[in-house]
1. Taking the C-alpha atoms of the range A:101-169, how large are the radius of gyration and the largest Cα-Cα span, Dmax, in Å?
2. Rounded to two decimal places and with Rh computed the Kirkwood way over Cα pairs, what is Rg over Rh for the range B:63-169?
3. Taking R0 as 56 Å, what's the FRET efficiency between B:GLN128 and A:THR105 from their Cβ-Cβ distance, rounded to 0.05?
4. Taking H as built 1.01 Å from N, whose amide H comes closer than 5 Å to the amide H of A:ILE82, not counting residues under 5 places away?
5. Determine the gain in length on full extension of the stretch A:ASP39-A:HIS164; use 0.36 nm per residue of separation and subtract their C-alpha separation, reporting nm with one decimal.
6. Per residue of the range A:232-237, in order, report the coupling 6.51 cos²θ - 1.76 cosθ + 1.60 (Karplus, θ = phi - 60°) as ³J(HN,Hα) in whole Hz, putting x for Gly and Pro.
7. Taking 22 Å as R0, compute the FRET efficiency from the Cβ-Cβ separation of A:ARG475 and A:PHE511 and round it to 0.05.
8. Can you work out the PRE-style zone for A:GLN86? Point 7 Å along Cα to Cβ, and I want the residues of the range A:507-536 with backbone N under 11 Å.
Amino acid sequence: MRRLMLAALAAILLAPATARAGTYDLTIGTAAINVAGKDQTAMTINGSIPGPVLRFKEGEDLVINVTNTLAEDTSIHWHGLILPYQQDGVPGISFPGIKPGETFTYRFPAQQAGTYWYHSHSGMQEAVGMYGALVIEPKAREPFRYDREHVIVLSDWHPDDSPHKILSNLKMSADYYNYQKRTLSTFVDDAGKMGLGAALADRMDWGDMRMLPSDIADVSGYVFLANGRNTEQNWTGLFKPGERVRLRFINAAAMTFFDVRIPGLKMTVVQADGNNVRPVPVDEFRIAVAETYDVIVRPTEDKAYAVLAESMARTGFARATLAPRMGMAGDIPANRPKQYLTMADMGMAHGDMAGMAGMDHGTMGQGATHTMPDGSTMAGTRHEGQGMTHAMPDGTTMKGESHAGHSMPAQPTHTMPDGATMAGMDHSAHGAPASGDKADPFYAPGSGLMPKAAEGGKFLSYADLKAIKPLYPDRPAAREIEVRLTGNMERYVWSINGVKYSDAEPIRLKFGERVRFKFVNETMMTHPMHLHGMWQILDNGSGKYNPAKHTISIAPGKTVEADIEADAEGEWAFHCHLMYHMATGMFRKVVVERETAEAVR
Amino acid sequence: MKNFILMIAGGLAVSMTAFSPGGANAAGMDDDIYWHVQADQAEYRIGDGADVLAWQGNAWIGNDDHRLAFKTEGENPIGKRLEKAEFQFLYRKPISDFFDVNAGIRHDLRPDPDRTYGVIGIQGLAKQFVETDANLFVSETGDVSARFEAEVDWLITQRLVLQPLVEVDLAFSEDRRIHSGAGINTVEAGLRLKYEIRREFAPYIGLHYERKFGATANFARDEGEDTDALRFVAGVSFWF
């Protein structure tokens, strides 16, 4: 009795001090998954890939108990969240990591709202399944309406090689996974198209650099997943025709950039990296590794729509389905033809190369190699039972409240007549770009990676992203820090300013200052650069409406600038989010420190 | 043979203990140790003269900045005694984006009498994807020799690869006891057609031509051997 009274007293005393908290218990372990025709061991959070969708409310405390049942250290990093650095979850920088058998409790206030995610920052555990979505509901009403939402976590799973094996293979032979190299037959094709001399000169140019124009993804052989399901397992999200459906896309892949489209539906981008942007209706968008985009779609017909996330290297799809009922499936078209890098991507599009850049490498060798991933024959019924046995990581929550008064941007829901069955048609071979298809300023002019909507129409550009409510007042940066993205493809060593992480000094920022990061991509790869703990305000020419992002993707041969408000004291990670670039050195520690009296002098 | 095994065992032991394994956290794994063993050529040669079993292989262990490497090559005519067997233990360090410097020792069990050399060389990927390896050797008898190798992969398909290669051996002084003259001693040229079943495993067929020059050719003639030989080859290259 006395104990009870004490407890009651304690409860009364403590109550005011305890903010409302959303609590989750996460257990890190292993589980068998089957996404490549055989049971394989994944590292999982609460037994599934992805881990559970964690939902919080803005302003409440996040309390997350993470228990490590693995035989090795682990950690969870809250990707994109603003938090005290000790809660950021990077072993060796923010904390020592979580030892086997140990439980670590993360606790910090949710200072923001939007779509985020979480993943391991230890070893290369993220590449074998340790990731999940994190959603924070805003306090205030959102400037867009929707009736229902789904989280779609895109990822890649390597069925053959462990992450360490992949790195070892790349160290032995950097083109180990490149089975899209140019061969004798592509040379004969090119010679036919541009003449023997030009074809030879082109080969010599690449040979001089000792680089491969087909090196778009360092690693191939992946199975692509949507919410942990492969294309056959077909994760399905429900809708009622006419509803506005919010899709929260998260790219949790280790190495894969996805180009996302939903044939038959216009998508309206309303949020990027958790921050609201002025709505942009698009037909397709590219989601870099670690980015998030929220889009709203309004399917009106009583049919299945395929949500297609095609890898940037055009090696396959992650496919999900939006359907009025379970057991339906949208069709999977053929992969678009392989893209090839051009001299423009090498930062070498000087005068006399103009002809080269104009040469459309993207259409070379088409038709010959693209394989049909047995798309069109996938009857939905066959997978019905299978779909039900898996735990749905996404709760498919219904949003009841309607936010009347907020006008939606015009959404021309033009439905493609029978768009789903156009498999095998090589749209990109039609050459003439659709109207409204203009060059994206965030790619080098003539870049082989220049995005183009598969079915014509609008492809999202970084230039389209405009903040609705800027997070910071606009002010000039006090100084500029050059961040050259560098690497040695042949040795498979990636670095910043030519120095890899283990040889580098931290980047030091003064608390309260605004600095400008000038990213100069000197490599032939696209690097999604992620800064922990602080926003990167991407300079896309929108002035005070420049969007704040946690991850900025820099295309080959491009220079991109972003401002950082150094308002978070502590030690933070800053790195390329491609797993094997991060692991081989494209990584820095960023230290934000207050000037002490001694230091000022 | 006993020497050979001892040398391999010793080399591996040194390699393994010279480095400690890297850390497991994502922020500190860019300095990890890797190792691979590779047989470029393990082949049977048929044609002029006796049939020959020939090999050429290497292994390395280390991080991005420091590696220990082992190289071996040799030829064994069928039904005769081992003709050529060479082993190198090298320290390897990058000197540019595409080139490494090698330094270490070379020991030849054959030809008889055996010879030990100091080695310094440069290997790497030259323009147009030409794999090159150039080495200078100083033997225990004070003789200086050099070797230059180049090979390139031409892709016919993603897995079918035509691989021309050339090797030139030359010496700056004569070492009569191992039948090495001064000047260009031998030139070898090969053309192999490989099929990469996996990256790690590629059977091949091809041609191998070898010609001896100058005093080296005279030594061969004195022994009643041919000074040049063209042979068909069939073999396998693999690594792990």
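Nothing in this text is a laboratory measurement; each read-out follows from the coordinates by a stated rule. None of these values were measured; they are calculated from a predicted model. Using ideal geometry, Cβ is built from the backbone for each residue, glycine included, and neighbour counts are taken over all protein chains shown.
1. My reading of the Cα-based Rg and Dmax gives 17.0, 50 Å.
2. Numbers: Rg = 15.8 Å, Rh = 15.4 Å.
Rounded to two decimals, Rg/Rh equals 1.02.
3. Values: r = 58 Å, r/R0 = 1.03.
Computed FRET efficiency for B:GLN128 and A:THR105 comes out at 0.45.
4. For A:ILE82, whose amide H was placed from the backbone, the distant partners under 5 Å are A:GLN111.
5. On the way: separation 125, 0.36 × 125 = 45.00 nm, distance 1.96 nm.
Result: 43.0 nm gained on full extension.
6. In residue order, the calculated couplings are 6, 6, 6, 4, 10, x Hz.
7. Numbers: r = 16 Å, r/R0 = 0.71.
For R0 = 22 Å, the calculated efficiency reads 0.90.
8. none
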